[in-house]
Amino acid sequence: MNSIRKAVFPAAGMGTRFLPATKAQPKEMLPLVDKPIIQYGVEEAVESGLDQIIIVTGRGKRAIEDHFDISFELESILAKKGDEDTLSEVRRISDLGTIYYIRQKEPLGLGHAVLVTRDLVGDEPFAVLLSDDLIYADVPCLRQMIEVYERYQCSVVAVERIPRERISGYGVIDARPIEDRIYRIDDLVEKPTPEKAPSDLAVVGRYILTPEIFDALAKVKPGKGGEIQLTDALRWLLKHQVIYAYEFEGTRYDAGTTLGFLKASVEYALRREDIGQEFGDYLRNLAPSTHQSPDTPGD
Ligand code: G1P
């Protein structure tokens, strides 16, 4: 049996960076090519062997529940039409593990979102995935991290090297290398200025956490932005447990920003068997003409 069974997806945020698209729909449901972004994360968890998915929702997030539920009407229409491919895809989505939903009633931060899952997770190690961080990899990022967890039996956070000018958007670690891609963390700081950042190793949205993190989350005071920060709880946990960082193999897209979302959409579309080739041709033809702004008079 997999040593990690449960995956927590914080999904209660307001999605203000994607307004007006997120005024009446959850940002987790924005389609990347033709799949809602949260589905990529749930599939990563399932492919990594986790079978219990816990989604932390809030107001206006019902579409997430409907998405992972069975839709009898849709299935019967597709069956009548004889559209077997779409039918099996729609069924596959509702078969993605057991999904539990819990509400975060107040927007008190990522750490608080994880804390509300305490009773559902119980006394076992678990994963946290931020679906904004999309990771394309041969071996799913979470699977890679579980292997590190199984060797060291301690919390593991995913890290990536980020240029200094963008480091202040992340939790940043102070750490020493232990072996290829693995670091032992000495300290962490949430969203430091570039001058204060202890390294260029930034935490990205994949964590494997020991259950003691809940004691830490219950103890830490609101930090950056007045929110309960997961980074601060990890810092507290460091006083009692060893924590490792793992530089994953794969490509991460920051789909939490419009530009990152667009880049991810283009690259995921290019990888698609059905439309990739044609879309690639389209982009190549488009490229020369896009050097001119629409206001530039033509020749
Ligand atoms: C959160 C965490 C931060 C981490 C980041 C990864 O920040 O607080 O430590 O580096 O996710 O995406 P957010 O992006 O929610 O502001």
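Points worth noting:
- Count of residues meeting criterion [surrounded by fewer than 21 Cβ atoms within 10 Å (Cβ to Cβ), touching a residue at least 24 places away in the same chain (Cβ under 8 Å) and in a strand (DSSP E or B)] in the stretch 176-185: 3
- Entry remark, the stretch 76-103: residues being without any contact (Cβ under 8 Å) to a residue 24 or more places away in the chain, part of a helix (DSSP H, G or I) and under 29 Å from the mean Cα position of the chain (by Cα) number 8 in total.
- Residue-level check: of (1) at pLDDT 95 or above; (2) surrounded by 14 or more Cβ atoms within 10 Å (Cβ to Cβ), PRO31 misses just (2).
- Answer residue from the stretch 171-192, given it is touching a Ser or Thr at 6+ places or on another chain (Cβ under 7 Å) and under 27 Å from ASP123 (Cβ atoms) and is farthest from the ligand (Cβ to nearest atom) among those: ILE173
- Any helices (runs of 4 or more DSSP H) falling wholly within the stretch 186-299 and containing at least 3 residues that are surrounded by fewer than 16 Cβ atoms within 10 Å (Cβ to Cβ): 213-219, 258-270, 276-289
- From the options PRO211, PRO192, residue that is over 30 Å from ASP119 (Cα atoms) and touching a residue at least 12 places away in the same chain (Cβ under 8 Å): PRO192
Conditions (1) over 17 Å from PRO10 (Cα atoms); (2) away from the ligand (no atom under 14 Å from the Cβ), marked per residue:
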site: LYS221; (1), (2): yes, yes
site: GLY225; (1), (2): yes, no
site: THR231; (1), (2): no, no
site: LEU259; (1), (2): yes, yes
site: ALA264; (1), (2): yes, no
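- Of the set (1) in contact (Cβ under 8 Å) with a residue 24 or more places away in the chain; (2) closer than 28 Å to LYS35 by Cβ; (3) among the charged types (D, E, K, R), all apply to GLU147 but (1).
- Reported count of residues in the stretch 2-60, each being hydroxyl-bearing (Ser, Thr, Tyr), in a loop (DSSP other than H, G, I, E, B) and more than 17 Å from ALA127 (Cβ to Cβ), is 1.
- Residues that are of a type outside the set (S, T, N, Q), on the phi < 0 side of the Ramachandran plot and more than 14 Å from the ligand (Cβ to nearest atom) within the stretch 248-257 comprise just one, GLU249.
- Residue list for the stretch 193-208, restricted to those being within 13 Å of the ligand (Cβ to nearest atom) and within 22 Å of the chain's Cα centre (by Cα): ASP200, LEU201, ALA202, VAL203, VAL204, GLY205, ARG206, TYR207
The values are calculated or read from the model by the stated rules, or taken from the named source; none is laboratory data. On a predicted model such as this, the values are computed, not experimentally measured, just so you know. Methodologically, a virtual Cβ is constructed for each residue, glycine included, from the backbone with ideal geometry; neighbour enumeration extends over all protein chains shown.
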